[in-house]
1. Suppose we filter segment 106-159 for residues that are among the hydroxyl-bearing types (Ser, Thr, Tyr) and in contact with an Asp or Glu (Cβ under 9 Å, 6 or more places away or on another chain); how many remain?
2. Do we find a residue being within 16 Å of ligand 1 (Cβ to nearest atom), in contact with a strand residue (DSSP E or B) (Cβ under 6 Å, 6 or more places away or on another chain) and open to solvent by 10 Å² or more (accessible area, probe 1.4 Å) anywhere in segment 52-61?
3. Does Asn73 fit the bill of being without any contact (Cβ under 8 Å) to a residue 12 or more places away in the chain, farther than 17 Å from Cys170 by Cα and open to solvent by less than 50 Å² (accessible area, probe 1.4 Å)?
4. Going through segment 85-125 one residue at a time, which ones are of a type in the set (Lys, Arg) and either over 20 Å from Met139 (Cβ atoms) or within 16 Å of ligand 2 (Cβ to nearest atom) (or both)?
5. Looking only at residues that are without any contact (Cβ under 8 Å) to a residue 40 or more places away in the chain and assigned to a helix (DSSP H, G or I) in segment 78-95, which one is nearest to Gly150 (Cα to Cα)?
6. Looking at segment 26-36, can you tell me whether even one residue there is open to solvent by 20 Å² or more (accessible area, probe 1.4 Å) and within 16 Å of ligand 2 (Cβ to nearest atom)?
7. When both residues are 6+ apart or on different chains and their Cβ atoms are under 8 Å apart, which pairs have a first residue that lies in segment 51-67 and is touching a residue at least 24 places away in the same chain (Cβ under 8 Å) and under 23 Å from Val199 (Cβ atoms), and a second that is among the small types (Gly, Ala, Ser) and within 13 Å of ligand 1 (Cβ to nearest atom)?
8. Those residues that are at pLDDT 95 or above, more than 16 Å from ligand 1 (Cβ to nearest atom) and in contact with a His (Cβ under 9 Å, 6 or more places away or on another chain), I need them from segment 168-226; list them, please.
Amino acid sequence: MTTIPVIELTDVTKIYPLPSGDVLALDHLSLRIDSGEFVAIMGPSGSGKSTLLNQIGGLDVPTTGTLKITGKNIRKMSDTDLTNLRLNAIGYIFQKFNLIPLLSAYENVEYPYILKHRCNDSTGRVSRLLEDVGIDRRMAKHKPAELSGGQQQRVAIARALVNDPAILLCDEPTGNLDTKTGGQIMDMLTDLHQQGRTVIIVTHDPHVGEQAERVIRIKDGRVEEA
Ligand SMILES: Nc1ncnc2c1ncn2[C@@H]1O[C@H](COP(=O)(O)OP(=O)(O)OP(=O)(O)O)[C@@H](O)[C@H]1O
Ligand SMILES: [Mg+2]
(Lines give C-alpha, C1' and ligand atoms only; values in the text may rest on other atoms or scores of the structure.)
(Ligands and ions follow the chains in the order given, each with its own letter.)
Protein backbone atom coordinates (compact mmCIF):
# COMPACT_ATOMS: atom_id res chain seq x y z
CA MET A 1 0.00 0.00 0.00
CA THR A 2 1.38 3.42 -0.87
CA THR A 3 0.75 6.12 1.70
CA ILE A 4 -0.04 9.71 0.80
CA PRO A 5 2.78 11.99 1.98
CA VAL A 6 1.81 14.74 4.42
CA ILE A 7 3.92 17.20 2.44
CA GLU A 8 4.98 16.84 -1.18
CA LEU A 9 6.81 19.47 -3.18
CA THR A 10 7.55 18.78 -6.83
CA ASP A 11 9.90 21.06 -8.75
CA VAL A 12 8.95 24.07 -6.65
CA THR A 13 10.47 27.48 -7.29
CA LYS A 14 9.90 30.65 -5.29
CA ILE A 15 10.96 33.94 -6.76
CA TYR A 16 10.81 37.21 -4.82
CA PRO A 17 10.67 39.99 -7.39
CA LEU A 18 12.69 42.97 -6.17
CA PRO A 19 13.53 46.24 -7.93
CA SER A 20 17.20 45.25 -7.82
CA GLY A 21 16.42 41.93 -9.54
CA ASP A 22 14.58 38.70 -8.84
CA VAL A 23 15.68 36.58 -5.87
CA LEU A 24 15.43 32.84 -6.54
CA ALA A 25 14.77 31.61 -2.99
CA LEU A 26 13.71 28.04 -3.92
CA ASP A 27 15.28 26.52 -7.03
CA HIS A 28 13.34 23.55 -8.48
CA LEU A 29 13.10 21.89 -5.10
CA SER A 30 11.38 18.53 -4.61
CA LEU A 31 10.84 16.65 -1.36
CA ARG A 32 8.31 14.52 0.48
CA ILE A 33 7.62 14.15 4.16
CA ASP A 34 5.52 11.26 5.44
CA SER A 35 3.06 11.19 8.29
CA GLY A 36 4.69 10.95 11.71
CA GLU A 37 8.19 11.92 10.58
CA PHE A 38 10.48 14.12 12.70
CA VAL A 39 12.51 16.16 10.21
CA ALA A 40 15.13 18.88 10.66
CA ILE A 41 15.70 21.34 7.84
CA MET A 42 19.24 22.72 8.00
CA GLY A 43 21.37 25.00 5.85
CA PRO A 44 23.21 28.31 5.81
CA SER A 45 21.54 31.66 6.40
CA GLY A 46 19.68 32.78 3.29
CA SER A 47 19.50 29.26 1.83
CA GLY A 48 15.69 29.30 1.75
CA LYS A 49 14.70 27.47 4.95
CA SER A 50 12.06 29.94 6.14
CA THR A 51 10.78 30.34 2.59
CA LEU A 52 10.39 26.55 2.40
CA LEU A 53 8.62 26.38 5.77
CA ASN A 54 6.22 29.14 4.70
CA GLN A 55 5.31 27.11 1.61
CA ILE A 56 4.83 23.94 3.66
CA GLY A 57 2.60 25.88 6.05
CA GLY A 58 0.47 27.27 3.23
CA LEU A 59 1.43 30.82 4.26
CA ASP A 60 2.79 31.52 0.79
CA VAL A 61 2.37 29.86 -2.62
CA PRO A 62 5.12 28.61 -4.95
CA THR A 63 5.93 30.68 -8.03
CA THR A 64 6.04 27.47 -10.09
CA GLY A 65 5.80 23.76 -9.29
CA THR A 66 3.36 21.73 -7.23
CA LEU A 67 2.80 21.70 -3.48
CA LYS A 68 0.49 19.17 -1.91
CA ILE A 69 -0.41 19.31 1.79
CA THR A 70 -2.08 16.13 3.08
CA GLY A 71 -2.50 15.10 -0.56
CA LYS A 72 -4.29 18.28 -1.62
CA ASN A 73 -2.83 20.51 -4.31
CA ILE A 74 -2.90 23.96 -2.74
CA ARG A 75 -3.38 25.64 -6.11
CA LYS A 76 -6.71 23.85 -6.43
CA MET A 77 -7.93 24.93 -3.01
CA SER A 78 -10.12 27.96 -2.36
CA ASP A 79 -8.94 30.62 0.10
CA THR A 80 -11.44 29.30 2.64
CA ASP A 81 -10.18 25.72 2.26
CA LEU A 82 -6.60 26.86 2.67
CA THR A 83 -7.46 28.94 5.75
CA ASN A 84 -9.26 25.96 7.28
CA LEU A 85 -6.32 23.67 6.52
CA ARG A 86 -3.97 26.11 8.28
CA LEU A 87 -6.32 26.45 11.22
CA ASN A 88 -7.03 22.72 11.66
CA ALA A 89 -4.06 20.73 10.40
CA ILE A 90 -1.01 22.91 10.94
CA GLY A 91 0.58 24.43 14.04
CA TYR A 92 3.24 27.06 13.36
CA ILE A 93 5.91 28.03 15.89
CA PHE A 94 7.82 31.09 14.76
CA GLN A 95 11.41 32.03 15.55
CA LYS A 96 10.36 35.25 17.23
CA PHE A 97 7.26 33.81 18.96
CA ASN A 98 4.90 36.24 17.12
CA LEU A 99 2.54 36.51 20.07
CA ILE A 100 -0.05 39.29 19.97
CA PRO A 101 1.34 41.97 22.36
CA LEU A 102 -2.00 43.32 23.61
CA LEU A 103 -3.40 39.90 24.53
CA SER A 104 -2.50 37.94 27.67
CA ALA A 105 -0.74 34.57 27.36
CA TYR A 106 -4.13 32.86 27.89
CA GLU A 107 -5.82 34.99 25.23
CA ASN A 108 -2.99 34.35 22.76
CA VAL A 109 -3.48 30.58 23.09
CA GLU A 110 -7.26 30.90 22.90
CA TYR A 111 -7.19 33.06 19.76
CA PRO A 112 -6.90 30.28 17.10
CA TYR A 113 -9.50 28.28 19.07
CA ILE A 114 -11.95 31.17 18.72
CA LEU A 115 -11.18 31.48 15.00
CA LYS A 116 -12.01 27.81 14.56
CA HIS A 117 -14.96 27.36 16.92
CA ARG A 118 -16.40 30.90 16.80
CA CYS A 119 -16.72 30.89 20.60
CA ASN A 120 -14.56 31.07 23.72
CA ASP A 121 -13.06 27.89 25.14
CA SER A 122 -15.40 26.53 27.81
CA THR A 123 -13.76 23.08 27.81
CA GLY A 124 -10.64 24.02 29.80
CA ARG A 125 -8.40 23.08 26.88
CA VAL A 126 -6.49 26.39 26.85
CA SER A 127 -5.74 26.16 30.58
CA ARG A 128 -4.66 22.52 30.28
CA LEU A 129 -2.29 23.29 27.41
CA LEU A 130 -0.76 26.21 29.30
CA GLU A 131 -0.29 23.95 32.32
CA ASP A 132 1.30 21.27 30.10
CA VAL A 133 3.92 23.72 28.84
CA GLY A 134 4.62 24.97 32.38
CA ILE A 135 2.76 28.29 32.38
CA ASP A 136 0.80 28.64 35.63
CA ARG A 137 -2.48 30.53 36.12
CA ARG A 138 -0.77 33.67 37.33
CA MET A 139 1.65 33.79 34.39
CA ALA A 140 -1.20 33.09 31.97
CA LYS A 141 -2.58 36.55 32.78
CA HIS A 142 0.66 38.24 31.74
CA LYS A 143 1.17 39.97 28.42
CA PRO A 144 4.02 38.60 26.25
CA ALA A 145 6.33 41.53 27.15
CA GLU A 146 6.05 40.49 30.82
CA LEU A 147 7.32 36.97 30.08
CA SER A 148 10.85 35.65 29.46
CA GLY A 149 11.87 34.35 26.02
CA GLY A 150 11.47 30.74 27.15
CA GLN A 151 8.03 31.44 28.64
CA GLN A 152 6.94 33.20 25.44
CA GLN A 153 8.07 30.22 23.38
CA ARG A 154 6.08 27.88 25.66
CA VAL A 155 3.00 30.03 25.12
CA ALA A 156 3.68 29.92 21.36
CA ILE A 157 3.83 26.10 21.52
CA ALA A 158 0.54 25.95 23.44
CA ARG A 159 -1.00 28.25 20.84
CA ALA A 160 0.28 26.07 17.98
CA LEU A 161 -1.36 23.03 19.65
CA VAL A 162 -4.73 24.49 20.57
CA ASN A 163 -6.56 23.12 17.51
CA ASP A 164 -4.71 19.77 17.79
CA PRO A 165 -2.80 19.93 14.47
CA ALA A 166 -1.30 16.81 12.89
CA ILE A 167 1.63 18.82 11.54
CA LEU A 168 3.90 21.08 13.62
CA LEU A 169 6.17 23.52 11.82
CA CYS A 170 8.88 25.20 13.87
CA ASP A 171 11.21 27.90 12.54
CA GLU A 172 14.28 28.00 14.80
CA PRO A 173 12.16 27.29 17.89
CA THR A 174 15.24 27.38 20.13
CA GLY A 175 17.07 30.15 18.26
CA ASN A 176 16.35 32.86 20.82
CA LEU A 177 16.71 30.69 23.92
CA ASP A 178 19.55 29.69 26.24
CA THR A 179 20.79 26.11 26.03
CA LYS A 180 18.79 24.82 29.02
CA THR A 181 15.48 26.37 27.96
CA GLY A 182 16.15 25.31 24.37
CA GLY A 183 16.66 21.74 25.62
CA GLN A 184 13.29 21.82 27.42
CA ILE A 185 11.55 23.07 24.28
CA MET A 186 13.20 20.26 22.27
CA ASP A 187 12.01 17.69 24.84
CA MET A 188 8.48 19.03 24.38
CA LEU A 189 8.72 18.75 20.59
CA THR A 190 10.12 15.22 20.87
CA ASP A 191 7.13 14.26 23.07
CA LEU A 192 4.72 15.74 20.54
CA HIS A 193 6.38 13.67 17.81
CA GLN A 194 6.10 10.53 19.94
CA GLN A 195 2.39 11.23 20.30
CA GLY A 196 2.17 10.79 16.51
CA ARG A 197 2.50 14.27 15.08
CA THR A 198 4.62 15.15 12.07
CA VAL A 199 7.25 17.61 13.34
CA ILE A 200 9.35 19.75 11.00
CA ILE A 201 12.03 21.96 12.56
CA VAL A 202 14.20 24.55 10.84
CA THR A 203 17.44 24.90 12.76
CA HIS A 204 21.05 26.07 12.61
CA ASP A 205 21.91 24.02 15.66
CA PRO A 206 23.59 20.64 15.00
CA HIS A 207 22.45 19.35 18.43
CA VAL A 208 18.85 20.05 17.50
CA GLY A 209 19.40 18.40 14.11
CA GLU A 210 20.76 15.26 15.82
CA GLN A 211 17.48 14.76 17.65
CA ALA A 212 15.50 14.52 14.40
CA GLU A 213 15.06 11.25 12.50
CA ARG A 214 15.98 12.82 9.19
CA VAL A 215 17.91 15.93 8.19
CA ILE A 216 17.12 17.73 4.95
CA ARG A 217 19.97 20.04 3.95
CA ILE A 218 19.17 23.09 1.88
CA LYS A 219 21.70 25.19 -0.01
CA ASP A 220 20.93 27.98 -2.48
CA GLY A 221 17.27 26.97 -2.50
CA ARG A 222 17.96 23.35 -3.40
CA VAL A 223 18.03 20.08 -1.45
CA GLU A 224 21.61 18.89 -1.08
CA GLU A 225 21.89 15.19 -1.67
CA ALA A 226 23.47 13.37 1.29
N1 LIG B 1 9.94 38.70 1.57
C2 LIG B 1 11.08 38.62 0.87
N3 LIG B 1 11.33 39.48 -0.15
C4 LIG B 1 12.46 39.39 -0.86
N5 LIG B 1 13.44 38.47 -0.66
C6 LIG B 1 13.23 37.59 0.35
C7 LIG B 1 12.06 37.62 1.16
N8 LIG B 1 12.16 36.63 2.08
C9 LIG B 1 13.33 36.01 1.85
N10 LIG B 1 13.98 36.58 0.80
C11 LIG B 1 15.27 36.15 0.23
O12 LIG B 1 15.17 34.78 -0.11
C13 LIG B 1 16.36 34.06 0.26
C14 LIG B 1 16.01 32.96 1.24
O15 LIG B 1 15.57 33.57 2.46
P16 LIG B 1 15.05 32.74 3.72
O17 LIG B 1 14.50 33.71 4.68
O18 LIG B 1 14.16 31.66 3.25
O19 LIG B 1 16.44 32.12 4.23
P20 LIG B 1 16.74 31.26 5.56
O21 LIG B 1 17.43 30.01 5.10
O22 LIG B 1 15.51 31.12 6.36
O23 LIG B 1 17.81 32.19 6.30
P24 LIG B 1 18.07 32.40 7.90
O25 LIG B 1 18.80 31.18 8.36
O26 LIG B 1 18.92 33.61 7.94
O27 LIG B 1 16.73 32.58 8.58
C28 LIG B 1 17.32 35.11 0.79
O29 LIG B 1 18.17 35.51 -0.27
C30 LIG B 1 16.42 36.24 1.22
O31 LIG B 1 17.08 37.47 1.13
MG1 LIG C 1 14.95 31.82 8.28
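1. Here is the first cut: in segment 106-159, the ones among the hydroxyl-bearing types (Ser, Thr, Tyr) are 106, 111, 113, 122-123, 127, 148.
With in contact with an Asp or Glu (Cβ under 9 Å, 6 or more places away or on another chain) added as a condition, the list becomes 113, 127.
Count: 2.
2. Checking segment 52-61: not a single residue is within 16 Å of ligand 1 (Cβ to nearest atom), in contact with a strand residue (DSSP E or B) (Cβ under 6 Å, 6 or more places away or on another chain) and open to solvent by 10 Å² or more (accessible area, probe 1.4 Å).
3. It is true that Asn73 is without any contact (Cβ under 8 Å) to a residue 12 or more places away in the chain, farther than 17 Å from Cys170 by Cα and open to solvent by less than 50 Å² (accessible area, probe 1.4 Å).
4. Arg86, Lys96, Lys116, Arg118
5. So in segment 78-95, the residues without any contact (Cβ under 8 Å) to a residue 40 or more places away in the chain come out as 78-86.
Subsequent filtering for residues that are assigned to a helix (DSSP H, G or I) retains 79-86.
Details: Asp79: 34, Thr80: 34, Asp81: 33, Leu82: 31, Thr83: 29, Asn84: 29, Leu85: 28, Arg86: 25 Å.
This residue is Arg86.
6. Within segment 26-36, not a single residue is open to solvent by 20 Å² or more (accessible area, probe 1.4 Å) and within 16 Å of ligand 2 (Cβ to nearest atom).
7. Listed pairs, sorted by first residue: Thr51/Ala25; Thr51/Gly221.
8. Residues satisfying the conditions are Leu168, Val199.
The values are calculated or read from the model by the stated rules, or taken from the named source; none is laboratory data. Being a predicted model, the structure only gives us computed values, none of them experimental. Counting neighbours? That spans all protein chains shown, and the Cβs are built from the backbone with ideal geometry, glycine included. Side chains are part of the model used for accessible areas, which takes the heavy atoms of the whole protein and leaves out ligands, DNA and RNA. Shrake-Rupley method; radii C 1.70, N 1.55, O 1.52, S 1.80 Å.
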